[in-house]
Amino acid sequence: MSEKNSVLVIGSGGREHAIVDALARSNKVGKIYCAPGNAGIARQAECVNIKVDDVDALADFAKKNSIDLTVVGPEASLAAGVADVFHREGLKIFGPTKGAARIESSKEFAKQLMHKYHIPTGDYRTFTDFNEALAYVKERPLPAVIKYDGLAAGKGVVVAETYQEAEIALSDMLLDASFGEGKVIVEEFLEGPEFSFMCVVSGDRVYPLAIAQDHKRAFDGDKGPNTGGMGAYSPVPFISEDIRMDALRHIMIPAAEGLVAEGVPFVGVLYGGLILTKDGPKVIEFNARFGDPETEVVLPRLESDIYDLFESAVEGWDCATRWSKDACLGVVLAAKGYPGKYEKGAEIKGLDKVENRVYHMGTSDDAGRILTAGGRVLMVTGMGPDLQAAHAQAMKGVEAIECDNLFHRNDIGNQAL
Ligand code: AMP
Ligand code: GLY
């Protein structure tokens, strides 16, 4: 087949920019569309103004524009049933159905799956009653891990150091209606370094991607509030090949097989948020999509064709991947105030002076001026023979960017450097 394929990417963040960038390197891909995209993505794809959860409009667009393959970025699109609608319309899509995506959207479903298929994770109990939950927490050692069961944009997890903190968290989640229908999971506290293991999954076929580590806290030294992620790097030196194989065999493959056995085969990226405990890797959470910002440091290391990988997953074919030995490290530039209140609309200059890849996470274009348009705004990456070199490259890029309203961490990679 010599004809090039047209691809639609759904989403508007750094993750989608990295996916578009990887697709742009494929010689099997012709036209790339992105819905809705952002100011950076617009340089590599045609942006289409359709919301990620307007799944009927997305399917309609894919049909009218003879899209060969659609790739889903955000959870919101999966939760709106984008894959289910595309399947019904006979359209090819890389992303799980709503049923399979429950591995992310329902923590209880994920926990039950792990329990049933012997996938290592923390012990847990589920509660809907405040008093019962509180009594249980008080019997157990601190810190207490309390998770809201449902999508809460990363805000639904509290690691409480005191019983008082735990009580406040339980009361917020079970007694305050703002969270919606109340159900919490109280989980065993796990200790060790965290890492992200993303795999392209197609039913029981699992194609592992390179391992990465995210930095969730806002400030240097892992201080400050939790964010969507302030930087990432890949590979992760303290995850040896043995540990990686252990995680693949005992976590990622059984999860994929479990979803098939449960009647909800998964097609897309299964993201293992894992922790290396003294008893080996265990699951903190699964996501049903590419991680953000991990994707921005993993895909630049992919040397084989990403379209082949997506197409193989959708068709159920075998596929081999090839990875660069170089390290990739990315620093997020976020709007001052993020993850709390922040302003939009500050002009960003100097982008043309950066030689490395810069992925736009939240930007807009105002007649050629690039403006901040989100909490996380840019991800500046660096690549090099080792993490030190990649870090230096990334920081050089960060220095070149001029904008009064952005802040970043200087110590991305601190656990490995
Ligand atoms: P999650 O949204 O489930 O990924 O949780 C967010 C963060 O809370 C994780 O990245 C961990 O740092 C922390 N966390 C969640 N569950 C646990 C656990 N069982 N033990 C220790 N830390 C946890
Ligand atoms: N970086 C974590 C996530 O994508 O959920």
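Observations, loosely collected:
- For Asp60, net neighbour charge (Lys/Arg +1, Asp/Glu -1) across residues whose Cβ lies under 10 Å away: -1
- Accessible-area composition of segment 1-153, carbon plus sulfur, in percent [1.4 Å probe]: 46
- Per residue, segment 48-177 exposes an accessible area of 49 Å² to a 1.4 Å probe, with every protein chain left in place.
- Gain on full stretching of the segment that runs from Tyr163 to Asp56 - 0.36 nm per residue minus C-alpha separation: 33.9 nm
- Spatial separation of Cα centroids for segment 243-286 and segment 313-358, in angstrom: 25
- The DSSP beta bridges internal to the chain are antiparallel in roughly 80% of cases.
- Legend: helices of the chain (whole DSSP H runs) are marked when their alpha-carbon atoms reach 18 angstrom or more along the helix axis and their mean Kyte-Doolittle hydropathy is at least -1.0; marked are 387-400.
- Normalising the average separation of contacting C-alpha pairs (under 8 angstrom, six or more residues apart) by the number of residues puts the relative contact order of segment 16-71 at 25 percent.
- Label-point separation, Gln388 to Asp411 (7 Å along Cα→Cβ), nm: 1.9
- Taking the helices alone, the chain has a mean residue ellipticity at 222 nm of -7500 deg cm²/dmol, built from -39,500 (n - 2.57) per DSSP H run of at least 4 residues and averaged over all its residues.
- Evaluated with a Cβ-only charge set (Lys, Arg +1; Asp, Glu -1), the chain carries a dipole of roughly 520 debye about its Cα centre, given to the nearest 20.
- Computed from label points 7 Å out along Cα-Cβ, the spacing between Ser106 and Asp222 is 3.3 nm.
The values are calculated or read from the model by the stated rules, or taken from the named source; none is laboratory data. Fair warning: this is a prediction, and the values are worked out from it, not measured in the lab. FYI the Cβ positions are ideal-geometry reconstructions off the backbone, even for glycines, and counts take in every protein chain you see. These accessible areas exclude ligands, DNA and RNA; they are computed on the full protein's heavy atoms, side chains included. Shrake-Rupley method; radii C 1.70, N 1.55, O 1.52, S 1.80 Å.
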